[in-house]
Amino acid sequence: MGERNAAGAITTALSALIHAPRRRVWGALTTPSELIRWDRAALELIEPADDFPTVGHEACWRYQLGNVPVVLRDRPVEVVAGERLRSDVALGLFHFVQTWSLADEADATRLGIHLGSGSTIAVVGGTVDRFDVRRLAAEYVDAKLHGLRRWCEAPTPSSWLA
């Protein structure tokens, strides 16, 4: 799950099988009004980007990181509709590259998430070391996958189909 590469960066990657069509998973991942419903840490969309996700257009959410409210800034750098979304993300002082990948698998969607981050985070009075960075990344990835799976596998209200 979490490892350190030759450049000293921390990488975290996980995937989950979601029993929902790829179109449904992509929509939940890229529609801000849905994202705010499945991501329990996303409290409020504060700076919507037109046509999110669009390369270079940032969207911002008020986000809860543990007990600390922060701003999550998501700036897509690669968008392949229904297949891959790579973004530069800032979550408070934690900066990383986040890549979502989607693939069909039987009657389900294989959803992967990969985070690449520095091995330390500068904070007032010091740094957060690589072990804490790895833990934060693993918790973030796990929460995202579980929330998205729970949301996409739930019965879809007819209001979402319109």
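Nothing in this text is a laboratory measurement; each read-out follows from the coordinates by a stated rule. Being a predicted model, the structure only gives us computed values, none of them experimental. All Cβ positions, even for glycine, are placed from backbone atoms using ideal geometry, and neighbour counts span all protein chains on display.
Note on His95 and Asp51: the model spin-label points, each 7 Å out from Cα along the C-beta direction, lie 2.8 nm apart. Residues in the range 22-35 carry Karplus couplings, in order, of 4, 4, 5, 5, 4, x, 5, 6, 10, 9, x, 5, 7, 4 Hz; the curve used is 6.51 cos²θ - 1.76 cosθ + 1.60 with θ = phi - 60°, and Gly or Pro positions show x.
Amide H contacts under 5 Å for Ala20: Thr109, restricted to partners 5 or more places along the chain or on a different chain, H placed in the peptide plane at 1.01 Å from N.
Using 0.36 nm per residue of separation minus the Cα-Cα distance, give me the extension gain between Leu14 and Glu44 in nm, one decimal.
Numbers: separation 30, 0.36 × 30 = 10.80 nm, distance 2.58 nm.
Extending this stretch completely gives an extra 8.2 nm.
The H on the amide N of Asp39, modeled in the peptide plane, is under 5 Å from the matching H of no residue at least 5 residues off or on a different chain.
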